[in-house]
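So the structure is just underneath, and the comments pick up after that.
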Amino acid sequence: WYYDKAFWGGYRDRLVASRFNRFALGYGLEYDFPRGVTDDYFHFVYPYLADVPGYPEVRVTRIAAADGTRLATPTPLSKAECAQNFEMLRFIAAETGARGMQFQLGIWTHAYAWTDSPNAYHRIEGLTPETHARYCRDALAMILKDCPEIQGLTLRVHGESGIPEGSYGFWQTVFEAIAKAGRTIEIDMHAKGVDQKILDIALATGMPVKLGATFSAEHQSLAYNQPDIRALEIPDGNISKADAALFSVSSGSRRFTRYGYGDFLGERTRYRLWFRLWPGTQRHLLSVDPEMAAGYARTASFCGAAGLDLMEPLTFKGREGSGLPGGRCAYADTSLTPEKDCNKYDLYYRVWGRKLYNPDAEPETWRRAMRAEFGAGAEATETSLANASRILPLLTSAHLPSASNHDLWYEMPTNMPIMPGTEPSPYSDTPTPKCFGTVSPLDPQMFSTVTEYAQALMARKANAKYSPIDVAQWVEDCVAASREALEEARLTVKSRDGSEFRRIEEDVLIQIGLGMFFAHKLRSAVLYEIFEGTGDPQAGRLAVAHYERARDAWLAMAERARSVYRSNVSYGSIAKRSGSWSDRLAGIDTDLAAMKAKVQSDLGALWHRMVADSEVRVATGRPQRTELKCAHAPPESFRPGKALALSLVVRRGEGGTAVRSVRLRYRHVNQAERWNVVDASGGNGTYTAAIPAVYTESAYPLEYYFEMEDRLGVAWMHPGFNKTLSNQPYFAVYNVSVPSSPLA
């Protein structure tokens, strides 16, 4: 498709019609590290595009054919092929500019020598450590000169670029090409591992500088900025020898910059921060929720942020040499294969583009096209897809086994065991013991782990965080709404047998199956924790029963998906990034068998048991939250060095009980810091608290929310989530000296 000019024209028209305003073409995205490399075309991109004067010895040599077969005689890449590659770059950039979009060139890898890569298809010859930086500078200068349509550069400057962190001299040399470009070139550096030195080097070019922060690790979460990061991202002073060599900053004192906005949202900075939404959660299945897209649009300007860079579906298809013949959509049922891969995602482009452009965009802007295909069933189809599409982002926020898209593929996840020791954990960046119950939420401020929640439940301790049972219920509600709308669509869509409806239908059913699996598994894990803590036989039996129902849901989904998608929906070279849903069943069966055996064994051995009827009812039922109406008017700004007084009015709802206590939780908008808490005072429905004056003396905006507890020991928070889980569940406020912006 890189050489397909007809594709680029139609693709650009689709983007512009959807109101996208910039396009980034990224080279060097095939691998996260220059290790274990096979299909490496364009990975170190410069010699594929440019024959740089002064470096006649630098060239690409092909040592394997396109199918990986080793060549008897290595062959240098011809000048004609390099010229064709560069001509296509110019064509793509020109097509972008001609439609009024900004063109951004992405260069993700600057390593030229792979490690542990005996099966690489190419090698870069003629470079040395002494000439590396100068060659990159001169090649980049040549590309910028000969492709004037390039308006910006996206660069990884952390260790995954292949350049060890702290190599300031390398980047200073490369950035000389940008400073001397003779026109404005926006510099967009990945925020991970960025420190003041690399910022100063970029700013010294005189060019506008942006930092691209990963919005929700390398996945798609709910549509709000996580108010806290996982404990694994908080610097603890420990760094391995391997990390110290390549990631001395991002795995060291600035670890908190890896998977969020870090400390980059200070006020009056000389750079802008924006967000990059990685396709770890939603990379293959069609996922479209207008409410979620609108939520992303609103949070993309959070505390002055500059917008959202959306890594679209199929961005990672073909990584690590995983490309297969027959198109990237991987359909076994070839009647579902669209003419162009991107055609499957037409509704995705329409909704995300329109909503990011204007979160209040009228649905008619995308429904017109839907009605042409689906007739009277258009809205039911949209509703079914929207509710199914909400499931995996919710799970990503609430239960994240790995922040890395390289490990966790939530559309086809490798089973994380509930039972410790029954199988090795498939995820390394997860708390110890590495099992389902201890998995951290992406957002540990708003959500609790299975273990944390079960222990609080058994101790009768109030916890305002959203629980795994809340999450399970939300997922079940999404499943029910999606199923109901799908049934309506099947009755009203004018061409139910058409490939476009069938593609939506099958992807909805897979997401419904995933939702039912995780809803039952979350309940099972909580029940198993109750069983472990109390010995209550009912809790043990129900834990097994819910896991069996989870397994049944997975099996039914996988059996249907077998006729829809190929046996290898390939996104990488290892099992976690390849295969099919059926392949994951063995891990589920191993874990379920271990739970059955443990419950049966303990039921025969336990003599002293607690009755945990109330805990079991909570774990298996619909969560009941106190019906109270809360009113709070967030201030437009705060004055540094002055206490920020805040008030909350609470009115008892029908059947609700009186409030026993109210707490204020607050923090600077700085993920390097942790949250603070202060008790509110008052009564008769009105409560007040203040963020101290010493705390407001800061270069950062403030964020806060309230926690309440009633006389029955039930706790909850305000503002919390709305019904579509698409809002920001806390308030944010600026320094008075900074122009106002929509924050809450």
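Of the residues 428, 402, 384, 397, which is out of contact with any helix residue (DSSP H, G or I) (no Cβ under 7 Å at 6 or more places or on another chain), among the small types (Gly, Ala, Ser) and within 22 Å of residue 477 (Cβ to Cβ)? It would help to see each step written out before you state the result.
Working: 428 fails: within 22 Å of residue 477 (Cβ to Cβ); 402 fails: within 22 Å of residue 477 (Cβ to Cβ); 384 fails: out of contact with any helix residue (DSSP H, G or I) (no Cβ under 7 Å at 6 or more places or on another chain).
Criteria check complete, one pass: 397.
In the set 475, 508, which member is within 22 Å of residue 373 (Cα to Cα) and aliphatic (A, V, I, L, M)?
On the way: 475 fails: within 22 Å of residue 373 (Cα to Cα).
Sole residue among the options that is within 22 Å of residue 373 (Cα to Cα) and aliphatic (A, V, I, L, M): 508.
Let's see how each residue does on (1) open to solvent by less than 20 Å² (accessible area, probe 1.4 Å); (2) closer than 23 Å to residue 495 by Cα:
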{"residue": "344", "(1), (2)": "yes, yes"}
{"residue": "354", "(1), (2)": "no, no"}
{"residue": "368", "(1), (2)": "no, yes"}
{"residue": "374", "(1), (2)": "yes, yes"}
{"residue": "386", "(1), (2)": "yes, yes"}
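If I ask for residues that are in contact with a Leu (Cβ under 8 Å, 6 or more places away or on another chain) and open to solvent by 90 Å² or more (accessible area, probe 1.4 Å), which ones from segment 53-86 would you list?
59
Does segment 99-110 hold any residues that are farther than 13 Å from residue 153 by Cβ and either without any contact (Cβ under 8 Å) to a residue 40 or more places away in the chain or open to solvent by less than 10 Å² (accessible area, probe 1.4 Å) (or both), and which are they? Steps first, please.
Of segment 99-110, the ones farther than 13 Å from residue 153 by Cβ are 99-101, 109.
Within segment 99-110, 101, 109 meet the criteria.
Checking residue 582 against (1) surrounded by fewer than 16 Cβ atoms within 10 Å (Cβ to Cβ); (2) within 27 Å of the chain's Cα centre (by Cα); (3) modelled with pLDDT under 95, only one condition comes out false. Which one?
Among (1) surrounded by fewer than 16 Cβ atoms within 10 Å (Cβ to Cβ); (2) within 27 Å of the chain's Cα centre (by Cα); (3) modelled with pLDDT under 95, residue 582 violates only (3).
Considering segment 493-551 alone, what residues qualify as being crowded, with 20+ Cβ neighbours inside 10 Å, in a loop (DSSP other than H, G, I, E, B) and in contact with a Gly (Cβ under 8 Å, 6 or more places away or on another chain)?
Once the filter is applied, which keeps residues that are crowded, with 20+ Cβ neighbours inside 10 Å, in a loop (DSSP other than H, G, I, E, B) and in contact with a Gly (Cβ under 8 Å, 6 or more places away or on another chain), segment 493-551 yields only 493.
Mind listing just one residue for me: the one in segment 130-171 that is farther than 25 Å from residue 32 by Cβ and either without any contact (Cβ under 8 Å) to a residue 12 or more places away in the chain or assigned to a helix (DSSP H, G or I) (or both) and, of those, least open to solvent (accessible area, probe 1.4 Å)?
Taking the candidates together, the pick is 144.
Name the single residue, out of those in segment 449-476 being small (Gly, Ala, Ser) and surrounded by fewer than 23 Cβ atoms within 10 Å (Cβ to Cβ), that is modelled with the lowest pLDDT. First the steps, then the outcome.
Going through segment 449-476, the residues small (Gly, Ala, Ser) turn out to be 454, 456, 459, 462, 464, 467, 472.
Subsequent filtering for residues that are surrounded by fewer than 23 Cβ atoms within 10 Å (Cβ to Cβ) retains 456, 459, 462, 464.
Values: 456: 96, 459: 94, 462: 91, 464: 95.
Checked segment 449-476; the qualifying residue modelled with the lowest pLDDT is 462.
Restricting to segment 221-247, and then to whatever is of a type in the set (A, V, I, L, M, F, W, C) and within 23 Å of residue 726 (Cβ to Cβ), can you tell me which residue is farthest from the chain's Cα centre (by Cα)? Even if it seems obvious, please write down each step before you answer.
Let us first name the residues in segment 221-247 that are of a type in the set (A, V, I, L, M, F, W, C), namely 222-223, 229, 231-232, 234, 239, 242, 244-247.
Then keep just the ones that are within 23 Å of residue 726 (Cβ to Cβ); that gives 222-223, 229.
Details: 222: 9, 223: 10, 229: 13 Å.
Checked segment 221-247; the qualifying residue farthest from the chain's Cα centre (by Cα) is 229.
Looking at segment 336-393, which of its residues are closer than 25 Å to residue 8 by Cβ and either outside any helix (DSSP H, G or I) or β-branched (Val, Ile, Thr) (or both)?
Listed by number, the residues that qualify are 337, 338, 339, 340, 351, 365.
Could you grab me the full set of residues in segment 37-64 that are in contact with a Phe, Trp or Tyr (Cβ under 8 Å, 6 or more places away or on another chain), closer than 28 Å to residue 316 by Cα and not β-branched (Val, Ile, Thr)? Explain how you work it out, then say what you get.
Going residue by residue through segment 37-64, those that are in contact with a Phe, Trp or Tyr (Cβ under 8 Å, 6 or more places away or on another chain) are 37-46, 48-50, 52, 55, 58, 60, 62-64.
After this cut, where a residue has to be closer than 28 Å to residue 316 by Cα as well, the list is 37-46, 48-50, 60, 62-64.
Those that are in contact with a Phe, Trp or Tyr (Cβ under 8 Å, 6 or more places away or on another chain), closer than 28 Å to residue 316 by Cα and not β-branched (Val, Ile, Thr): 39, 40, 41, 42, 43, 44, 46, 48, 49, 50, 62, 64.
Can you say whether residue 690 is exposed (fewer than 14 other Cβ atoms within 10 Å of the Cβ) and either charged (D, E, K, R) or farther than 30 Å from residue 543 by Cα (or both), as far as the supplied structure shows? Step through it out loud before you land on a result.
Details: exposed (fewer than 14 other Cβ atoms within 10 Å of the Cβ): no; either charged (D, E, K, R) or farther than 30 Å from residue 543 by Cα (or both): yes.
No: the conditions fail for residue 690.
Can you pull out every residue in segment 552-569 that is in a loop (DSSP other than H, G, I, E, B) and either polar (S, T, N, Q) or in contact with a Phe, Trp or Tyr (Cβ under 6 Å, 6 or more places away or on another chain) (or both)? Reasoning before the result, please.
Of the residues in segment 552-569, the ones in a loop (DSSP other than H, G, I, E, B) are 563-564, 566-569.
Residues satisfying the conditions are 563, 567, 568.
Scan segment 37-69 for residues that are assigned to a loop (DSSP other than H, G, I, E, B), at pLDDT 95 or above, of a type in the set (A, V, I, L, M, F, W, C) and touching a helix residue (DSSP H, G or I) at 6+ places or on another chain (Cβ under 7 Å) and jot them down.
Those that are assigned to a loop (DSSP other than H, G, I, E, B), at pLDDT 95 or above, of a type in the set (A, V, I, L, M, F, W, C) and touching a helix residue (DSSP H, G or I) at 6+ places or on another chain (Cβ under 7 Å): 42, 52, 58.
What is the one condition in (1) more than 26 Å from residue 321 (Cβ to Cβ); (2) at pLDDT 95 or above that residue 82 does not satisfy?
All conditions pass for residue 82, except number (1).
In this structure, does residue 115 turn out to be touching a strand residue (DSSP E or B) at 6+ places or on another chain (Cβ under 7 Å) and open to solvent by 50 Å² or more (accessible area, probe 1.4 Å)? Break it down into steps so the answer makes sense when it comes.
On the way: touching a strand residue (DSSP E or B) at 6+ places or on another chain (Cβ under 7 Å): yes; open to solvent by 50 Å² or more (accessible area, probe 1.4 Å): yes.
Spelling it out, residue 115 is indeed touching a strand residue (DSSP E or B) at 6+ places or on another chain (Cβ under 7 Å) and open to solvent by 50 Å² or more (accessible area, probe 1.4 Å).
Report yes if some residue within segment 131-139 is of a type in the set (A, V, I, L, M, F, W, C) and out of contact with any helix residue (DSSP H, G or I) (no Cβ under 7 Å at 6 or more places or on another chain); otherwise report no. Can you show your working first?
Initially, segment 131-139 is screened for residues of a type in the set (A, V, I, L, M, F, W, C), giving 133, 136, 139.
The next check asks that each one be out of contact with any helix residue (DSSP H, G or I) (no Cβ under 7 Å at 6 or more places or on another chain); those that pass are none.
No, segment 131-139 contains no residue that is of a type in the set (A, V, I, L, M, F, W, C) and out of contact with any helix residue (DSSP H, G or I) (no Cβ under 7 Å at 6 or more places or on another chain).
What number of residues within segment 194-212 satisfy the criterion of being of a type in the set (D, E, K, R) and part of a loop (DSSP other than H, G, I, E, B)?
Pass one, segment 194-212, residues of a type in the set (D, E, K, R): 195, 197, 200, 210.
Of the ones still in play, those that are also part of a loop (DSSP other than H, G, I, E, B) are 195.
The qualifying residues number 1.
If you go through segment 422-442, how many residues are open to solvent by 10 Å² or more (accessible area, probe 1.4 Å), farther than 17 Å from residue 471 by Cβ and either touching a residue at least 40 places away in the same chain (Cβ under 8 Å) or hydroxyl-bearing (Ser, Thr, Tyr) (or both)?
Total satisfying the criteria: 8.
Is there any pair linking a residue in segment 620-642 that is within 16 Å of residue 661 (Cα to Cα) and among the polar types (S, T, N, Q) to one that is modelled with pLDDT of 95 or more and open to solvent by less than 50 Å² (accessible area, probe 1.4 Å), with Cβ under 7 Å and at least six apart or on different chains, and which?
Correct list of pairs: empty, since none qualify.
The values are calculated or read from the model by the stated rules, or taken from the named source; none is laboratory data. Only a predicted model underlies this, so the values are computations on that prediction, with no experimental measurement involved. Glycine also receives a Cβ, built like all others from the backbone with ideal geometry; neighbour counts cover every protein chain displayed. For accessibility, only protein heavy atoms count, side chains too; no ligands or nucleic acids. Shrake-Rupley method; radii C 1.70, N 1.55, O 1.52, S 1.80 Å.
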